[in-house]
Amino acid sequence: MAMNRAIGGMQFTPGRPIRLPSPPDTLQAQPIQVVCPNQPVIAVGQTVSRGQLIANREPSDTAACTSPVAGVVREVIPVGGGGESGGSQSEAQQWVVRIEPDQENVPTAMDLDPPRERRIDHWLDVMRGMGRWAVRDGGVGLEPQLRAAHEHKPDTLICVGLDSYPPFPVRSSLVVSFPDDMVFGTMILADLVEAQRVIILASRSSTVVPRIRQSCRNFQVRLVTWDNVYPCADPTLVVSAHTPGGRRLRVGANPVRDVGVMLINPWTAIRIARWFTLRRFDIVRPMMIGWPGPDDPMTACYAIPGQPLSSLDARLGDAMNAGDRIVLGNPMADRTLTAQTGQGGQQIEPVVSDHEMLITIMRRVTPVVPEPCISCGWCVDTCPTGLRPNRLYELCQEDPENRYLHQQLQWCIDCGLCSHTCPSSLPLAQTFRQTVAP
């Protein structure tokens, strides 16, 4: 497939950005769950300090799992591996460490000096001890991109302020709330990786443009405004539309290593700017909640990754109890959050993510029975990467191991538009997810 321009997509009615205050100095303490991909090095009943290593780092050059709060370890729960009723802790796929803070209010930032040298290896050394926030922050991840930039410098850096789902303008809210910090943090990273081309990419909105334009002028950074047509914020589409030379980024690939482009989101840039100006590194992150009612505006708060979702808003707990779906990130991608079960049968409540800033409540709907494909072509017209979802769906049914099928699905960005537009209610996107799942 040759994708060298943005095609398809869908225009949703955009929401109105929220003006956020600066992060608070403290938050009311909540129980924290830290998900560790490696064996924990702490024990139940042990007291841990803020920033303390709580799990092995394997390989040694990866980010550490650290405690965001000071407190007492209440549980260490193995998840996966042997299943709910069998298997040993050593067979677990990951561990959940539950920590109870030892004070009523917890700090929202670490007193930590930023790197003093303009050296990527020095940055990585500092960041590895700060937790896993940069591994997937913004979907692409700052840390893996910096590791790639240590070997090969990118020529372009783009701070993507376009919204992943325009009705809930998470990134636009950050752009209008912290324009100077966003541009300053972008420039710090651009200087570090020696990017020759620096772009602030923002929504072409009368609310957004006036707030960011002057900041870009002050820092002499190029501002590119774009119609927020869903899913134009996807990394694959950003690279295709905003870099020269027909560059193509495969889904899940490292943009620095594969196409010489670094992609960051506004909160990453804002966090870095505040780190350099305040000499404190924010642990908290903004969380936006999208409500199902047309008259219910998106709400926002600050939270520490790992705290229970139900602590963000009482209505979230009510929605969970009512059986409504709670979706992480872009609701079109349908990443429904559910309580996990540990190997010992422990219930693990959904918590604040360390890489997504949007939670959406979806009302229960009556299941629809799919009907045969009528060959209308709507899924083809809306696919932003030029795939033929109807044909790929047939291949998934007939020959799920087909080589051509998997080659094509490397370009599926999981936007969900094919399922959204299908008049036959075929589970197109859902089937593609299952087909490529490991």
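The values are calculated or read from the model by the stated rules, or taken from the named source; none is laboratory data. Values in this document were obtained by computation on a predicted structure and should not be read as measured data. Counting neighbours? That spans all protein chains shown, and the Cβs are built from the backbone with ideal geometry, glycine included. Accessible surface areas use protein heavy atoms only, side chains included; no ligands, DNA or RNA. Shrake-Rupley method; radii C 1.70, N 1.55, O 1.52, S 1.80 Å.
Just a few scattered comments:
- Farthest toward positive dipole pole in segment 311-400 [+1 Lys/Arg, -1 Asp/Glu at C-beta], among Cys373, Met362, Gly345: Met362
- Taking one quarter of the surface of the C-alpha convex hull of segment 7-76 gives a mean projected area of 9.4 nm².
- Neighbourhood net charge (14 Å Cβ-Cβ; Lys/Arg +1, Asp/Glu -1) for Cys418: -1
- Cα gyration tensor shape of segment 227-299, rounded if a/c is under 1.5, else prolate or oblate by comparing a/b with b/c: oblate
- The value of relative contact order for the chain, using C-alpha pairs under 8 Å at least six residues apart, is 19 percent.
- Rounded to the nearest 20 debye, the dipole magnitude of segment 275-379 is 240 debye, with +1 charges on Lys and Arg beta carbons, -1 on Asp and Glu beta carbons, and the Cα centre as origin.
- Per-atom-type breakdown for the chain gives carbon and sulfur 47% of the accessible area (1.4 Å probe, protein chains only).
- Cα-centred dipole magnitude for segment 371-438, charges only on beta-carbon of K, R (+1) and D, E (-1), debye, nearest 20: 140 debye
- Our helix-only sum for the chain, with -39,500 (n - 2.57) per DSSP H run of n ≥ 4 divided by its residues, gives a mean residue ellipticity at 222 nm of -8000 deg cm²/dmol.
- Computed E for His150/Leu53 - FRET, C-beta separation, R0 25 angstrom, nearest 0.05: 0.60
- With a Förster radius of 22 Å applied to the C-beta separation of Thr277 and Arg19, the computed FRET efficiency comes to 0.65.
- Backbone N within segment 156-178 under 16 Å of label point (7 Å from Arg213 Cα along the Cβ vector): 176
- This model, with +1 at the C-beta of Lys and Arg and -1 at the C-beta of Asp and Glu, gives the chain a dipole about its Cα centre of some 1200 debye.
- Dimensions (Å) - segment 387-432, Cα atoms, principal axes, largest first: 28, 21, 15
- Positive minus negative residues near Leu278 (Lys, Arg vs Asp, Glu; Cβ under 15 Å): -2
- Accessible area in square angstrom per residue, segment 119-163, 1.4 angstrom probe: 34 Å²
- Beta bridges by DSSP in the chain, antiparallel share as percent, to the nearest 5: 70 percent
- Each 20 Å bin from 0 upward holds the following percent of the Cα-Cα pairs of the chain: 24, 59, 17, 0.
- Cleavage-rule hits, GluC sites (Glu not before Pro), segment 330-422, DSSP coil, Cβ neighbours within 10 Å at most 16: Glu401
- Computed FRET value (nearest 0.05) for Gln28 with Gln220, which takes r as the C-beta separation and R₀ as 51 Å: 0.75
- Prolate/oblate/rounded label for segment 282-438 (Cα gyration tensor, a/c 1.5): prolate
- Heavy-atom accessible area order for Ile413, Ile200, largest first, 1.4 Å probe: Ile413, Ile200
- Where segment 331-414 is the region considered: accessible area per residue in Å², 1.4 Å probe: 57 Å²
- Counting heavy atoms of the protein chains alone, Asp381 has an accessible area of about 110 Å² for a 1.4 Å probe.
- Rg [Å, one decimal], Dmax [Å, integer] - segment 330-390, C-alpha atoms: 17.6, 49
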